[in-house]
1. Where does the charge balance sit around T120 when Lys and Arg score +1, Asp and Glu -1, over other residues with C-beta under 14 Å from its C-beta?
2. Which residues' amide hydrogens lie under 5 Å from the amide hydrogen of V66, considering only partners 5 or more residues apart or on another chain, with H built in the peptide plane?
3. Neighbouring Cβ atoms within 10 Å as the yardstick, rank W45, W97, W5 fewest first.
4. Around K107, which amide H atoms from residues at least 5 apart in sequence, or from another chain, sit under 5 Å from its own amide H, with H modelled in the peptide plane?
5. May I ask for the net charge around S79, where only other residues with Cβ less than 12 Å from the Cβ of S79 are counted and Lys, Arg are +1 while Asp, Glu are -1?
6. Given an 8 Å cut-off on Cα distances and at least 6 residues of separation, report the relative contact order of the chain as a percent.
7. Mind listing the long-range amide H neighbours of L196? Cut-off is under 5 Å, sequence gap 5 or more, other chains count too, H placed in the peptide plane at 1.01 Å from N.
8. So, with +1 on the Cβ of K and R and -1 on the Cβ of D and E, and no other charges, what is the size of the charge dipole of the chain about its Cα centre, to the nearest 20 debye?
Amino acid sequence: MKTLWLDTIDSTNSEALRRLPDLPSCTVLSAREQTAGRGQRGNTWFSEPGKNLTFSIVLKFGLGAVSARDAHYLNCLASLSVVSLLDSFGIRSQIKWPNDIYVGKRKICGMLLENTLCTTGLAASVIGIGLNVNQTAFPRLANATSVALELGQVHPMEWDLAQTLECLLRLFEERLPLLSSPEGRQELMADYTARLFRKDVPAPYRDLLQDREFTGVIEGVEPDGRLRVRDAEGGKRFFRFKEISYLL
Ligand code: BTN
């Protein structure tokens, strides 16, 4: 993977999408500072300049190599890379479906995946990752954490961002071939499911389509990427992104 370091940019995802025709597959754009970092649901992603990793991985696919209905395996791949990196630091994290990374009840990493399609499936994917590394105060966010906050006592030093990114990209590359075969995708899904936040734990949710709260138990993720939740009556409910919210 080749990483291009940018000093200041609006958003590494926006820049990657603008430069998509010229960027080879497996190029990474990483910024010291984003002035308009983008999050899920049109939110802004705030990150203290020079403190955290904010980067986008560009993947380009051969004709028909990844079908559009398999796009969610990119979430598995990206999420597992971050979880494995944090494991190597001794931080136990979980994946809040589809791709938020949590340590306990605090979010340490968010992702924004933006895909382009062609007639045969996925043409390219821009995998934007914001991982909190050295930032220790989050004035605007109540439930954010970082590597430094989690390991402050053990490692009271700044983490080298370039080295941390390199480790993360190595872990990403190791699993990348799994995308290409049914067995590989099964393995990705099994590893991903094993680290799902709130799996098998009764907890409150809001069904956003029916605008109703309910208690449910996350059982897993369907092969098409939908979250499978068992409700109190034993019924199975299936949710796409933005159809369910987790209540605390
Ligand atoms: C979220 O949790 O809402 C998703 C946050 C994604 C943030 C990353 S930072 C690098 C990349 N560039 C962006 O503008 N967003 C993503």
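1. Details: positive: K60, R69; negative: D70.
Here the count lands on +1.
2. L122
3. Details: W45 19, W97 26, W5 13.
Taking fewest neighbouring Cβ atoms as first place, the list is W5, W45, W97.
4. A144, T145
5. Overall, the nearby charge balance is +1.
6. 16 percent.
7. For L196, whose amide H was placed from the backbone, the distant partners under 5 Å are I95.
8. Working: 30 positive and 29 negative charges, 99 e Å.
Roughly 480 debye for the chain.
Just so you know, all these numbers are worked out from the coordinates, no wet-lab data involved. Since this is a predicted model, take the numbers as computed values, not measurements. Don't worry about glycine lacking a Cβ; one is built from the backbone with ideal geometry, like all the others, and counts go over all protein chains shown.
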